[in-house]
Number of protein chains: 4
Amino acid sequence: MVVIVRQGAEEAKIQKLTQDLENLGVSVQRIDGSDTTILGLVGDTSAINPAQIEMNDIVERITRVQEPYKKANRKFHPDDSILEIAGNMVGGKELTIIAGPCSVESEEQILNVAREVQAAGATFLRGGAFKPRTSPYAFQGMGLEGLDLLKIAKRKTGLPIVTEIMDVAYLDRFIEDVDIIQVGARNMQNFALLKQLSHCNKAVMIKRGLSSTLEELLMAAEYVMAGGNNRVILCERGIRTFETATRNTLDLSAVPMLKKMTHLPVIIDPSHATGQWWMVEPMAKAAVAAGADGIMVEVHPNPPAALCDGAQSITPEKFTELMRKVDAIARIEGRSIRGKAQ
Amino acid sequence: MVVIVRQGAEEAKIQKLTQDLENLGVSVQRIDGSDTTILGLVGDTSAINPAQIEMNDIVERITRVQEPYKKANRKFHPDDSILEIAGNMVGGKELTIIAGPCSVESEEQILNVAREVQAAGATFLRGGAFKPRTSPYAFQGMGLEGLDLLKIAKRKTGLPIVTEIMDVAYLDRFIEDVDIIQVGARNMQNFALLKQLSHCNKAVMIKRGLSSTLEELLMAAEYVMAGGNNRVILCERGIRTFETATRNTLDLSAVPMLKKMTHLPVIIDPSHATGQWWMVEPMAKAAVAAGADGIMVEVHPNPPAALCDGAQSITPEKFTELMRKVDAIARIEGRSIRGKAQ
Amino acid sequence: MVVIVRQGAEEAKIQKLTQDLENLGVSVQRIDGSDTTILGLVGDTSAINPAQIEMNDIVERITRVQEPYKKANRKFHPDDSILEIAGNMVGGKELTIIAGPCSVESEEQILNVAREVQAAGATFLRGGAFKPRTSPYAFQGMGLEGLDLLKIAKRKTGLPIVTEIMDVAYLDRFIEDVDIIQVGARNMQNFALLKQLSHCNKAVMIKRGLSSTLEELLMAAEYVMAGGNNRVILCERGIRTFETATRNTLDLSAVPMLKKMTHLPVIIDPSHATGQWWMVEPMAKAAVAAGADGIMVEVHPNPPAALCDGAQSITPEKFTELMRKVDAIARIEGRSIRGKAQ
Amino acid sequence: MVVIVRQGAEEAKIQKLTQDLENLGVSVQRIDGSDTTILGLVGDTSAINPAQIEMNDIVERITRVQEPYKKANRKFHPDDSILEIAGNMVGGKELTIIAGPCSVESEEQILNVAREVQAAGATFLRGGAFKPRTSPYAFQGMGLEGLDLLKIAKRKTGLPIVTEIMDVAYLDRFIEDVDIIQVGARNMQNFALLKQLSHCNKAVMIKRGLSSTLEELLMAAEYVMAGGNNRVILCERGIRTFETATRNTLDLSAVPMLKKMTHLPVIIDPSHATGQWWMVEPMAKAAVAAGADGIMVEVHPNPPAALCDGAQSITPEKFTELMRKVDAIARIEGRSIRGKAQ
């Protein structure tokens, strides 16, 4: 930690501050410039709250030297984390392809989609049972019944399932039935939920909040990891900006940046990011070209009849074509989609 | 709802769409322009999902005519809502002044602050028992013990209390002990929590999410009201923008805009918005000048020693001076702080 | 244009408004819903200023039916614009590759870079002669001398040149010497400059402003086209968001969206967007995967010694490798880089 | 400047970097922590380009110790700058009130408005002669004829005038006729224009760009001041955020923050910020309560007939009432509007 002292500060006050800092257990090394004094704090600075020190009237600013995330930090874990989930390796050479409808609507629907996306190369089935909706008057998902239908689809196809948890009350059911528990963008900083998830050993995919920085996303991962659950996947799904032509702005530069900051796998969701089915293909291809470990795509057999977000769903036919192209892009960097031969 | 048809659409498709819309129970009125056709939907459009209709390939765009919030909408409730809470009228001529420390730290601390802010004109005591912190390694609040200390302070001073709920698990305790249950910015779209709060009859103050639109804030209020709880207060606490010189950007234009959109009371939190104690006074004064129904201010007897957010806390002395100035501004529009005589 | 009338408006006022609108030369068709009245304006609405009509106290809102950009609009020009510039076709099957140093620094530097990027597949040479710098104390470019050096490099290599104009005073020199005149992000709405450029027949590449919407970018293009110059290229170079880990947020969803809105070619600049050399490769690949017509990349023989923005420049070696990968991605959709054989 | 060395860097490389830095003319002081090394640079660091040093592969990050703005910096000019402009003191105890129509439309219009706003307390007349419009097809202002009409209004009322320059070509006319030359938000980083303005001795009011940080606004001021013109006024007019309910987000926290960063006067424009006449009064009052040195307000005798931005103009009657209230708020801090007696 580096303390930049306000210009013209009295010597006595600088010495008092130095003493106070040393009382907190760090050693203080001082640099005197022509018109600025800098204090470098050496040792364990974890007991020091920078905001408190900034309140000292001779302190101009504090600069943190270390990132606040530890377990998620690539510095302390240089190799990529590759998670084994229900027989799939997430984060390795094989792309993770999560596909399925926005909402589970019926046994027939989820089963048909599961079979089609599986045939095209998907490695996980997604489907919403509990849906976060801006309006209390909108369809809120089938709830536990939806979860039951996902289980049936898993049993019949073997595809492991990914679905969103909204209420801690159902955590036991999710732990039992779900392969990757998804934390939605709106709950990324629902710390009560994150703490509960930190105590289980289930894979957790955290979607970046609409206005969350990458550091905050990693701090959400850190909440889960701090409790002992290292099975965390990150998902970028579009951020909120001033642009209104697209629903959100898909931040693909997050892919290389997250890869530098952390060892955790990074998945991109082009469906929610764009909100438009015809933008899913270009953005899915771009995501893989940028180095994402996988994509999550909404697929619906009859998008105009979908109960939720049909506008962003693609048909199984389009999904099959997308898989072919994504595989070709992945191969340029030595990655691929399972079961695809060039 | 107005459907704008894509230029050059075939007549047969327009007629098919018209038929489909009428099958949904609305009457369709058609306007043919020189190169555009518009369909106006008359009747109950609540069964119509605009996103689905936009998927029709002859549809250019849909325009909503009505706001999605009903119970929070001023159109259907032209008069200001004035809530009676523990003897205080929130939303009326008398400003609501919520003050206290960021975190409850000890009985002595909360009791002293309570007495000082009460003497200066505060009508509610605030204090965090459960604290939402970006880092799992930061102080998370005293929890239920903090709630107990708030109760003691209330009993000894008579000041009703405002504190944040983070976990539905403690809802019963909050309903019993707290006068205004605060939903934090990070939980504004925690729909599971909002639904639980909709079933009680306790006043709920919802803080605007860091990147939530005013419409989304009203939809969060609608979640609570839809379940039968009309005792909702809105709080603007700064939004996230590109500017980094200030912690957040306090959106004071939200005050007149919310006053136009809704009948619910609007409170401003200048402490969290700015993150700097020396900006609290100018922004608190500006909030009241803009027409806010009240302010929420962090006050701490010894800010540099605060366990949380000391940098944004003002001393009781500064708070007393602030109350004097805020009262003077309020009087220009016929409002005032209780117990202040000009 | 659709006028949504405020609920409960008096019939007399609606009729008065209808009369006023018809006096402006349009025909008004009225739709009466259960509690809303809508007026559809048919005919030439170009004389109508929506903001003025919204001031009428019975008007709730106006909805535009048509886009404000005409010449840039794909609706009126369904085929892609392919511009022939100094023997290169910009916007067609062959990717446009613009490469070179941030700033022209010396004859040797610009000539060496030109030769290296040309050998690797570049079709245009870029290099800043006049540099827009946030600080008046920073290096402002070599000015006209830089322009002279670019001309020498062009003469010796045959590579046409792209460089930024900052001052209308030099327009004649730019028209004479430059193949694509670049309008920087900060000047995207410098309307005096855009008007001057509309009167020449030189290709103009307009960079999107840091906080400009895609519609505003197209309106800037429209300024140039309205004066008779249809040779316009659009360039996305990152937008400003709340995220601070990356310098800007490269908005790749702009690629498919612009392709829908307009017929003009779209170039991506991953160097300025990210500000980091190691992010250039992944984002350049993603740009091409998303369907961009080309990329603009900063290349410097010795980035740490660059006078400007060295941190975002890649070496000629890395550029050569990048070209190989970008070509492979382009071929998946039937495009390629000139001179590359798979 | 503080250089934070990457963890685990080789000692030889640290010594090489130290040597390189010292060769640039600074003295390097080194702090070795448990796992981090920090280099503090002492002396004149102006020859050092931080971005270059960050490219060194053992450098983690650079922290600037000093602000990049010098002449605009309050540190080097602790007292408020009070500018004498045509007999008015801008930045002192008396509020600066700039009022008038968005566009000059006719002699009668500008003269009538001038007289009305003068009677109500305005100290400057504003009026657009050259208008920056997003669309090339919209009214672009009366141009030089508008400037002539402003001069007539000035001659007849004595009110000094404020108007926007868009094209350097007219600079001589502006210097001769205008009292405060306004640089619009879209031209805030039109460095060619700023440089020209730095060579005259005319007061310049710079409006903050829609997505410009406060530091960038001060750097724009620095461009003017670096050339020798210290007569600079800053104007906040709303920033671009994700919120769409309001046209822009008026950033009033910019007032206290700018007052801390700089000694220059700060004016608020609530008309452009909100785009709605009924929001002008609350935001103007809030601006003055926050400590602004003045406000700029659009006033039009018949807003619905205005050729430009009528929706955000208030009538002279409303302006008169606004002046009364603003004066009352100003008096709480010992300021006032000229000619108003309490």
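The values are calculated or read from the model by the stated rules, or taken from the named source; none is laboratory data. Just so you know, these numbers come straight off a predicted model, no measurement behind them. With ideal geometry, Cβ positions are generated from the backbone for all residues, glycine too; neighbour counts draw on all protein chains shown. Surface accessibility is based on the protein's heavy atoms, side chains included, excluding ligands, DNA and RNA. Shrake-Rupley method; radii C 1.70, N 1.55, O 1.52, S 1.80 Å.
Once phi is turned into θ = phi - 60°, what whole-Hz ³J(HN,Hα) does the Karplus curve with 6.51, -1.76 and 1.60 give for every residue of segment C:146-159, x standing for Gly and Pro?
With coefficients 6.51, -1.76 and 1.60, one gets x, 4, 4, 5, 4, 4, 4, 4, 5, 5, 7, 10, x, 6 Hz.
Using a 10 Å cut-off on Cβ to Cβ distances, tally the other chain neighbours for every residue of A:293-306 and report the average as a whole number.
Working: counts 0, 0, 0, 0, 0, 0, 0, 0, 0, 0, 2, 9, 2, 4.
Mean number of neighbouring Cβ atoms from other chains: 1.
Keeping all protein chains in place, calculate the accessible area per residue for segment B:2-63 (probe 1.4 angstrom), answer in Å². Don't jump to the answer; show the numbers that get you there.
Details: 2940 Å² over 62 residues.
So segment B:2-63 comes to 47 Å² accessible per residue, rounded to a whole number.
Going down the table (D:93/D:340; B:93/B:151; A:318/B:13), which pairs top 20 Å between alpha carbons?
On the way: D:93/D:340 13 Å; B:93/B:151 28 Å; A:318/B:13 24 Å.
Listed pairs above 20 Å: B:93/B:151; A:318/B:13.
Run the dipole for chain B about the Cα centre, Lys and Arg Cβ at +1, Asp and Glu Cβ at -1, nothing else charged, and hand back the magnitude in debye, nearest 20.
That gives a dipole near 720 debye.
Using the alpha-carbon centroid of each, what span in Å lies between segment A:96-120 and segment D:7-63?
Cα centres, segment A:96-120 to segment D:7-63: 55 Å.
Projected onto the charge dipole of chain D (+1 at Lys/Arg Cβ, -1 at Asp/Glu Cβ, origin at the Cα centre), which of D:81, D:238, D:43 gives the Cα projection farthest towards the positive end?
The one lying farthest along the dipole's positive direction is D:81.
Do you know the relative contact order of segment A:69-137, to the nearest whole percent, from alpha carbon pairs under 8 angstrom that are 6+ apart? Let's see the in-between values first.
On the way: 59 pairs, mean separation 18.8, N = 69.
Worked out over segment A:69-137, it gives 27 percent.
Determine the distance separating the Cα centre of segment C:282-299 from the Cα centre of segment D:265-327; give it in Å without decimals.
Comparing the Cα centres of segment C:282-299 and segment D:265-327, I get a distance of 46 Å.
Quick check on chain A: helices-only [θ] at 222 nm, where DSSP H runs of length 4 and up contribute -39,500 (n - 2.57) each and the sum goes over total residues. Nearest 500, please. Please report the intermediate quantities before stating the final value.
Values: 11 runs with 117 residues, N = 342.
Helix contribution divided over all residues of chain A: -10000 deg cm²/dmol.
Which aspartates and glutamates does residue B:16 reach when only Cα atoms under 17 Å apart count, and residues fewer than 8 places away in its own chain are ignored?
Those aspartates and glutamates meeting the cut-off are B:32, B:54, B:57, B:60.
Roughly how big is segment D:2-63's charge dipole about its Cα centre, with Cβ charges of +1 (Lys, Arg) and -1 (Asp, Glu), in debye to the nearest 20?
Numbers: 5 positive and 10 negative charges, 11 e Å.
So the magnitude is around 60 debye.
Using 10 Å bins from zero, what percent of all Cα-Cα pairs in chain B falls into each bin?
That works out to 5, 24, 29, 19, 10, 8, 4, 0, in percent per bin.
Convert 20 °C to kelvin, take the viscosity as 1.002 mPa s, use the Kirkwood radius over C-alpha pairs of segment C:1-143 as Rh, and evaluate the Stokes-Einstein diffusion coefficient in µm²/s, rounded to a whole number.
Details: Rh = 20.7 Å.
Answer from the Stokes-Einstein relation: 104 µm²/s.
Quick query: amide H of residue D:299 versus all other amide H atoms, modeled in the peptide plane; which residues come in under 5 Å with a sequence gap of 5 or more or a different chain?
For residue D:299, whose amide H was placed from the backbone, the distant partners under 5 Å are D:100, D:102, D:314.
Explain nothing, just the number: relative contact order of segment A:2-63, from Cα pairs under 8 Å at least 6 residues apart, as a whole percent.
Details: 87 pairs, mean separation 28.5, N = 62.
Result for segment A:2-63 is 46 percent.
Can you work out the Karplus-derived ³J(HN,Hα) for every residue in segment B:69-74? Use 6.51 cos²θ - 1.76 cosθ + 1.60 with θ = phi - 60°, whole Hz, and x for glycine or proline.
3J(HN,Hα) across segment B:69-74, in whole Hz: 9, 10, 5, 8, 7, 5.
Under the rule a/c < 1.5 gives rounded, and otherwise a/b versus b/c splits prolate from oblate, where does the protein assembly as shown land using the Cα gyration tensor?
Numbers: a/c = 1.08, a/b = 1.03, b/c = 1.04.
In terms of gyration-tensor shape, rounded.
Using a cut-off of 19 Å between alpha-carbon atoms, which lysines can reach residue B:207, once sequence neighbours fewer than 8 places away in the same chain are excluded?
Excluding near neighbours in sequence, the set is B:71, B:131, B:195, B:259, B:260.
Tell me, what is the percent relative contact order of chain A, built from C-alpha pairs under 8 Å that lie six or more residues apart? Mind dumping the intermediate values first?
On the way: 692 pairs, mean separation 54.8, N = 342.
Value for chain A: 16 percent.
Report, to the nearest 10°, how far helix A:11-23 tilts away from the longest principal axis of the Cα atoms in chain A, using its own Cα long axis and a range of 0 to 90°.
That helix lies at roughly 50 degrees to the long axis.
Between residue D:15 and residue D:84, what is the FRET efficiency for a Förster distance of 56 Å, r being their Cβ-Cβ separation, to the nearest 0.05?
About 0.50, to the nearest 0.05.
As a test, work out the antiparallel percent of DSSP beta bridges whose residues both lie in segment B:74-332, rounded to the nearest 5. Present the calculation step by step, with values, prior to reporting the outcome.
Details: 4 of 32 bridges.
Counting only bridges with both partners in segment B:74-332, antiparallel ones make up about 10 percent.
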